[in-house]
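A short write-up of the structure that comes next.
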Amino acid sequence: MNRIQFSYYSSTKQLTSCYKKLFSSLQNLKSLNPSFQVLSAETPSNPYPHVNHNKSLTIEGTSYKLDDQTNVSPSILSKLSRNLHLQPHHPLYILRTQIEQHFPHFSYFNTLNPIVTVQKNFDDLGFPKDHPGRSKTDSYYINEQIMLRTHTSAHQLEIFSKMNKKFLISGDVYRRDEIDSSHYPIFHQMEGAQIFNMQNIEQEISEDKKYLISLNSTISSQKTPLRDNNEVNDDTIISSNNPIQSCHPIEQVNYVIQHLKFSLNSLIKKLFINHDENLKIRWIDAYFPFTSPSWEMEIFFKGKWLEICGCGIVEQDVLNKAGQNDKIGWAFGLGLERIAMVLFDIPDIRLFWSHDERFLNQFTNFNDNKIIKFQPFSKFPPCIKDISFWLNDQDFHENNFCEIIRDIAEDLVEDVKLVSFS
């Protein structure tokens, strides 16, 4: 028996209403699968009762044919137009603009459509066909060819193809996930990339680095110099486990690595300079399908290391497809919510989606000199409810059940935990 426990931050009236709707929703699945009964039968073969595979779905004026790959839910589609990173005074808007100020010589792309092809999201970036990110339990599909982007990297090839050499992309990305205070199926990512001419790389990087140093010494309203790299722990090396690409000379790769790490170290120090006087940064080896070598950047926060971003040297195949055969460069991706939760002391990722003015009005007086810390306002304690059902389908995934809960209770559900599986 699969026993799921979940709790709400809401009034008893709201809790009771949602609990009844959820129970009713599970019972109504009998119309799709007569053998399914709550507490006494098997899991439905189709966990998406809103999807009729013989029909189409209109999203923001465009009609899409549905098929067996369709798994996007109404609760997710309702968030497509929110664009939190474009709303003035929202914490994600504030953070986005601070990062853009660190790269004022870049082009910015903040309004790209989150509905993309599977080709753009996975194939163009070299994702293996069996990569777990392609699974329906991890990603949202409109049909087998169209999906909601899982990262802003889905636009990387498109922008490189327009001969852009340095750019930032920000936007909402979608990944199916569990329900708790630090996970949400939608978050906002910022992608950065910069490429250089292979034949003139030393001079280009030297001039660009001088510009960044000059910029950071004058643009900061705090007039506080960036701390030196003694606070950065970086013992990563090029190895067979994290190799350079065979088409790249080691000298050119080293120039790009130095520029990448300088750019990100100075960015993170700038963001956190008033948050932690003893900021510690470390670099560790990583793997991403579209960069090699690759790394993750972490900061030491509340007694543990917290991943801030992933980055690496852009796969040359991506640049070649874009017509940038003579270029080499770096790319990074970071989650805005994760950094904003630290900087603004926001304890629950779902608060970013709140319409409550008690949340939104807290950040209207933001200025570059001082990050405004979030002040809790909820007066309701958590209320816990249990639900149990028989499971005969061995392919059942917790994310499927979480999607049903989100459609019924939206963001009232604070936590969902699998208590037992027997």
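Over all directions, the projected convex hull of the C-alpha atoms in the stretch 84-199 averages 8.8 nm² in area.
Across the options Asn121, Asn71, Ile99, the greatest Cα extent toward the positive end of the charge dipole of the stretch 57-130 (unit charges at beta carbon of Lys, Arg, Asp, Glu) belongs to Ile99.
Gyration tensor analysis over the Cα atoms of the stretch 65-112 returns equivalent ellipsoid semi-axes of 31, 14, 7 Å (largest first, whole Å). Think of the stretch 268-381 as having a plus end and a minus end, set by charges on the Cβ of Lys, Arg, Asp and Glu; of Thr291, Leu334, His275, His275 sits farthest toward the positive end of this dipole. Using the average count of surrounding beta-carbon atoms within 10 Å as a protection proxy, the listed peptides 110-119, 181-190 rank, highest first, as 181-190, 110-119. The average projected area of the stretch 276-386, computed from the convex hull of its Cα atoms over all directions, is 12.0 nm². Restriction of the GluC sites (Glu not before Pro) in the stretch 260-345 to DSSP coil positions whose beta-carbon has at most 10 other beta-carbons within 10 angstrom yields Glu277. Reducing the stretch 129-165 and the stretch 236-259 to their Cα centroids gives an inter-centroid distance of 26 Å. About its Cα centre, the stretch 225-341 has a charge dipole of approximately 260 debye under the convention of +1 per Lys or Arg Cβ and -1 per Asp or Glu Cβ, with nothing else charged.
About its Cα centre, the dipole of the stretch 45-188 is roughly 320 debye, where the only charges are +1 on Lys and Arg Cβ and -1 on Asp and Glu Cβ. Of the GluC sites (Glu not before Pro) found in the stretch 98-195, the ones in coil according to DSSP and having at most 14 other Cβ atoms within 10 Å of their Cβ are Glu144.
Dipole size of the stretch 260-317 about its Cα centre, with +1 on Lys/Arg Cβ and -1 on Asp/Glu Cβ: approximately 340 debye, rounded to the nearest 20. Of the peptides 246-259, 353-366, the order by per-residue mean of other Cβ atoms within 10 Å, starting with the highest, comes out as 246-259, 353-366.
Bear in mind these aren't lab numbers, they're just calculated from the coordinates by the rules spelled out. Worth saying up front: this structure is predicted, and the values here are computed from it rather than measured. Heads up, the Cβs are rebuilt from the backbone with ideal geometry, glycines too, and the neighbour counts pull from every protein chain shown.
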